[in-house]
1. Residues being closer than 18 Å to A:A146 by Cα and surrounded by 14 or more Cβ atoms within 10 Å (Cβ to Cβ): count how many of those fall in the stretch A:164-178.
2. Scan the stretch B:445-452 and tell me whether some residue there is at pLDDT 75 or above, within 12 Å of chain A (Cβ to nearest Cβ), within 22 Å of the chain's Cα centre (by Cα) and surrounded by fewer than 22 Cβ atoms within 10 Å (Cβ to Cβ).
3. In the stretch B:75-110, how many are outside any helix (DSSP H, G or I) and crowded, with 21+ Cβ neighbours inside 10 Å?
4. Being more than 13 Å from chain B (Cβ to nearest Cβ) and of a type outside the set (K, R) is the filter here; which residues of the stretch A:1-27 pass it?
5. Go through the stretch A:77-87 residue by residue and tally those that are touching a residue at least 40 places away in the same chain (Cβ under 8 Å), under 14 Å from A:Y153 (Cα atoms) and touching a Gly at 6+ places or on another chain (Cβ under 9 Å).
6. I'd like the full set of residues that are within 24 Å of B:K358 (Cβ to Cβ) and of a type outside the set (G, A, S), limited to the stretch B:256-292.
7. State whether one or more residues within the stretch A:45-58 are within 14 Å of chain B (Cβ to nearest Cβ) and either touching a Cys at 6+ places or on another chain (Cβ under 7 Å) or over 24 Å from B:I569 (Cα atoms) (or both).
8. I'd like the full set of residues that are of a type outside the set (F, W, Y) and within 14 Å of ligand 1 (Cβ to nearest atom), limited to the stretch B:457-472.
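The values are calculated or read from the model by the stated rules, or taken from the named source; none is laboratory data. These numbers were taken from a predicted model, which means no experiment stands behind them. Glycine also receives a Cβ, built like all others from the backbone with ideal geometry; neighbour counts cover every protein chain displayed.
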Amino acid sequence: MANIAVQRIKREFKEVVKSDEAAKSMIHLDMGSSENMMELTGTISGPPDTPYAGGTYILDIRIPETYPFNPPKVKFNTKIWHPNISSATGAICLDILKDQWAAAMTLRTVLLSLQALLASPEPDDPQDAVVAKQFKENPDIFFQTATHWTQAYAKGSTPVPEYSDKVTQLMGMGFEEHKARVALSNNNWNVECATENLLS
Amino acid sequence: MLIPLTKISVDAIVNAANKNLSNGAGVALAIAKEAGKQYQRECDDLVKKNGKIAVSKNVVTKSHKLQKTCKHVINAVGPDWADYTDKEDALKDLALTVENVLETAVTMNMTSVAMPPISSGIFGFPKEACAWMYSKGVLDFTWKGSHGQLKEVILVDVQDSTILDMTFQYLSKISNNGATIQIKDVLKSLPKEQPLRGAEGGTARADKSERKSVKASTNTTDRLCSHTMEKGADIFNFRNSVEVLVYTADIIRLPNVDILVTPESRSFKGEGILARKIAETAGKDYTKERRKLEGQPRQSGEILITIAGNLKFQKIFHVIMSRFDDRGPPNDTQLNQFKTLIKDVIQRANDLNVKKTKLKSIAMPLLGTGHIRDQWLLTAIGGAVFDGIYRYSKSAKTSVKEIHLVNINEETTSAIRKIFLSEATEKGNLAIIDDDDESDNSCVVCMEPMDQPVALRNCGHQFCRDCILDYFSRKPSCPMCNTMYGKLYGDQPVDATANVYLDKSSLPGHEGHGTFIIDYDIPDGRQNDQHPNPGMSYRGFRRRAYLPDTEEGQTVLHLLREAFNQGLIFTIGYSRTTGKDNVLTWNDIHHKTRKEGGPQRFGYPDPEYIPRVKEELAAKGIR
Ligand SMILES: [Zn+2]
Ligand SMILES: [Zn+2]
């Protein structure tokens, strides 16, 4: 990796570790196993007063060789239900990770921006069209679904019994848990539609 | 000219606005009255959406009811004299305001602009100060590389012609002796009895960070490259140490140049066009000396030196190099070697000067290109020549001061001129800062203390010189605030094609208008050096997109064409629609790939589409 990139990542790593946010355990950064610092693991906690509250989200961060001229490649490792994050791949739609990236930004600002994105989704520029549609048309269902996913995948502690029951119901029919949850979430928790979806 | 601003005919008139574009007094009120409520609404919406306009910046709006006068209004926010304790800063900001207006006119391809004396009204600038900064803004701008289509800048005033007369007087005085206007001198020359409102104690209401950044951008002592024109040649000045002259002429007949550079192949048989011409005219002594060097193969990069015989040069440098061919783009290694070669050639002449010889000037054609007409290739080679000379200009002792890039046909000359202009604008955006000035700052690119700091021209942000040049070579925008300083080029495959047809049918929501059909075709290929995984192959595809044949649709089509030419429509990487990596995909400029179905299905009707795609294009500097 180019010298400047290594040098920056080292400094940025320290910046995150020393930050106030890290002290309050809102964000966290790990070297991971790779020695060359090309691949890092970030962690952000779900912001309070959102369906993600209480959740812990792990992020895969890949530093390109051309860093900081190009943005780091970041995606959610933890599954999440959010209009700007793909529920299938964890890919993120956030302008600063694309053409609005500026070299003045750092891993700390990226982590904080992602946390802010959890608090204020932008459904008009969606990554996941299904989630965005639900967010706009059925905000209550969206909120519950996101809460349910937080509990299921991000160690959240707020249960949504109705949804858990429906997942169990489909699992009883022989469907795999995650697939069942995705089908139900995509179909506004209508069991019939979800089943049809799974069978097609 | 003493006519109301709203009564002339130009591409744009300039509004001396305030930060909120509230247009409540003076010129602003006059314009707002004439342009109508729609205009004021557009202003209000802009401020609501993007926030207040910073001092020295401007925003462009439509002219609405002023359509007969102009197409656009450039709303420029000048400094308020009372806001500054340090009046030097006030002056700098005004000059910058004027310059930014002209810059905007260039970016928007305007040919004529009418401008009132900004900041002279309720913003309280002394008339002299205003006239001086008017002059400085215009001068600094004319001194810059690229003027685009801008041919006419009309200074107007409704009240009286005092400021205009002064400006005219200053400008004719200054531009005749080629000097620049020093703000410190202006400050001294201002009459003392001027009512300096708020001079003591001052009410520095303006945002501090903004002030600081603006200060940096004008606190300049030297530029990396600048452009002027003289006696038919384009002159590029590199760091005030080397001048490059670009013009058309028969190179071997140049009367006052010390060294002639001519390319030779490794066999060194004098086979090139220029080599043959020299052989015909240089005479016996030259031929004799040359013979001694012939008969053995040479290495690429070798420089053989002979006398010039009957020619009016002192020396001829025979440079051994292989030609570029136009079958494919030169690779980075080739270009890098070429840059080094250019630098070495000049450096060699420089080294000779250590011994008694005094060689001050070098003439060369565009080396290694032969009959190449391929624009892309010429651009790459021309850019490499620029870089080579730039590298030389960085060395400590430059005794070779003049480099003549001379070509026999105007076509090549104009290609070089174009390349140099765009390179010079890029580098001309940088200003070297006095080293002792705020040197404890660190550079955000490398996060180290700043090394040879430079400031960007428009936004004033500072970086190490090498850091920002490196950054600009990838993306010509400020690493801090993303202000664009040139064209952005994307990594769209070079063999992509686009065709546009006009169809009679209408799109939902655009009834009564025809439809543009854009067909993109990108063949299969392999990723190159610019892509994330060079060597890896990707599948090509064809895509069809639709645009309404309305005024707006035509504008977008025009912008899309520009974006396509700059390689920004497609990219290789992660696809949002399929979730796969390393695939050919759209590059954040949305297209309507269906005629119908609404936004959910990438079709029409979608009233938000046109403004949104314009924003996406603007984010990439296409506007
Ligand atoms: Zn730096
Ligand atoms: Zn900037």
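1. Pass one, the stretch A:164-178, residues closer than 18 Å to A:A146 by Cα: A:164-168, A:177-178.
With surrounded by 14 or more Cβ atoms within 10 Å (Cβ to Cβ) added as a condition, the list becomes A:164, A:166-167.
Residues meeting the conditions: 3.
2. No: zero hits.
3. From the stretch B:75-110, those outside any helix (DSSP H, G or I) are B:75-80, B:84-86, B:108-110; that's our starting set.
If we keep only those that are crowded, with 21+ Cβ neighbours inside 10 Å too, we end up with B:75-80, B:84, B:110.
The number of residues fulfilling the criteria is 8.
4. So the first thing to find is which residues in the stretch A:1-27 are more than 13 Å from chain B (Cβ to nearest Cβ), and the list is A:1, A:16-27.
Within the stretch A:1-27, A:M1, A:V16, A:V17, A:S19, A:D20, A:E21, A:A22, A:A23, A:S25, A:M26, A:I27 qualify.
5. From the stretch A:77-87, those touching a residue at least 40 places away in the same chain (Cβ under 8 Å) are A:78-87; that's our starting set.
If we keep only those that are under 14 Å from A:Y153 (Cα atoms) too, we end up with A:78-82, A:87.
From what is left, the residues that are touching a Gly at 6+ places or on another chain (Cβ under 9 Å) are A:78-80.
Qualifying residue count for the region: 3.
6. We begin by selecting, within the stretch B:256-292, every residue within 24 Å of B:K358 (Cβ to Cβ); these are B:256-262, B:278, B:282-283, B:285-286, B:289-290.
Result: B:N256, B:V257, B:D258, B:I259, B:L260, B:V261, B:T262, B:I278, B:D285, B:Y286, B:E289, B:R290.
7. Taking every residue of the stretch A:45-58 in turn, none turns out to be within 14 Å of chain B (Cβ to nearest Cβ) and either touching a Cys at 6+ places or on another chain (Cβ under 7 Å) or over 24 Å from B:I569 (Cα atoms) (or both).
8. Taking the stretch B:457-472 as the starting set, the residues that turn out to be of a type outside the set (F, W, Y) are B:457-462, B:464-470.
Once the filter is applied, which keeps residues that are of a type outside the set (F, W, Y) and within 14 Å of ligand 1 (Cβ to nearest atom), the stretch B:457-472 yields B:H461, B:Q462, B:C464, B:R465, B:D466, B:C467, B:I468, B:L469, B:D470.
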